[in-house]
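Visitor: Mind looking over this structure? Questions follow.
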Amino acid sequence: MKGPLFYSKILLFGEYGIIKDSKGLSIPYNFYNGALKIDGNTSAEALQSNASLQKFVTYLEQLQTEQPDLVQFQLELLKTDVANGMYFDSSIPQGYGVGSSGALVAAIYDKYALNKITILENLTREKLLVLKTIFSQMESFFHGKSSGLDPLNSYLSIPILTTPIVTGK
């Protein structure tokens, strides 16, 4: 089994400011990509990815318990797939800011989220903000804090310009 491809991203500007709700421009970069796979691969990379997925599943269980209105997952199916050796087969370099964790988050959401917001529906500003919030919480597992922009970019596979939210006083 191989899932759909999720692309890396290039953040043209706003790398650190987007966490503080400032402007940023992110574009998909399809040179690097990743997909969920179950194919019996026992390479060191596949085993390491699977071990990371096991920890991520535990985090998603906790997230779902603590914030049940945010997102629900097909956790039993996800656990079964991980137990069967699922891994994230990725050419995206890790640790270079090109969205490796964002692509993984997008892939997990796409395959296992219940009542998910899909890329085929009318994506209103409200739906995009909900997706960004979900992705922010999911990707926080990898970074401690996340804007949610990387997974949003990977999931939608379109350029995204973020602008500050202005609140009236």
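Visitor: If I fit a long axis through the Cα atoms of helix 100-112 and take the longest principal axis of the Cα atoms of the chain, what angle between them do I get, 0 to 90°, rounded to 10?
Guide: Helix 100-112 sits at roughly 70 degrees to that axis.
Visitor: How far is it, in nm, from the label point at residue 10 to the one at residue 41 when both lie 7 Å from their Cα along the line to the Cβ?
Guide: A separation of 2.5 nm, rounded to one decimal place.
Visitor: Note down the net charge around residue 103, summing +1 for each Lys or Arg and -1 for each Asp or Glu among other residues with Cβ under 9 Å from its Cβ.
Guide: So the environment of residue 103 carries a net charge of 0.
Visitor: OK, next. Which value results for Rg/Rh of the chain when Rg is the Cα radius of gyration and Rh the Kirkwood radius based on the inverse mean 1/r?
Guide: Value, to two decimals: 0.96.
Visitor: With everything on Cα atoms, drop me the angle between helix 125-143 and the longest principal axis of the chain, reported from 0 to 90° to the nearest 10.
Guide: Its long axis makes an angle of about 50 degrees.
Visitor: Return the FRET efficiency for the residue pair residue 121, residue 62: r is the Cβ-Cβ distance, R0 is 41 Å, and the value is rounded to the nearest 0.05. All intermediate terms of the calculation are to be shown ahead of the outcome.
Guide: Working: r = 29 Å, r/R0 = 0.70.
Once rounded, the FRET efficiency stands at 0.90.
Visitor: For residue 143 and residue 2, what does the FRET efficiency come to when R0 = 35 Å and r is the distance between their Cβ atoms, rounded to the nearest 0.05?
Guide: Given R0 = 35 Å and the Cβ-Cβ separation, E is 0.85.
Visitor: At 1.4 Å probe size, with every protein chain present, just tell me what the per residue accessible area of region 43-169 comes to in Å².
Guide: Per-residue value: 53 Å².
Visitor: Would you work out the charge dipole size for the chain about its Cα centre, treating the Cβ of every Lys and Arg as +1 and the Cβ of every Asp and Glu as -1, and quote it to the nearest 20 debye?
Guide: Using only the charged Cβ atoms, the result is roughly 420 debye.
Visitor: Same structure, new question: Per residue of region 61-68, what does 6.51 cos²θ - 1.76 cosθ + 1.60 with θ = phi - 60° give for ³J(HN,Hα)? Whole Hz please, x for Gly and Pro, Karplus curve as stated.
Guide: Karplus values, whole Hz, x for Gly and Pro: 4, 5, 4, 5, 6, 6, 10, x.
The values are calculated or read from the model by the stated rules, or taken from the named source; none is laboratory data. Owing to the predicted nature of the structure, the values given are computational and were not obtained by experimental measurement. Methodologically, a virtual Cβ is constructed for each residue, glycine included, from the backbone with ideal geometry; neighbour enumeration extends over all protein chains shown. For the accessible areas, the whole protein counts, side chains as well, though only heavy atoms, and no ligand, DNA or RNA atoms are used. Shrake-Rupley method; radii C 1.70, N 1.55, O 1.52, S 1.80 Å.
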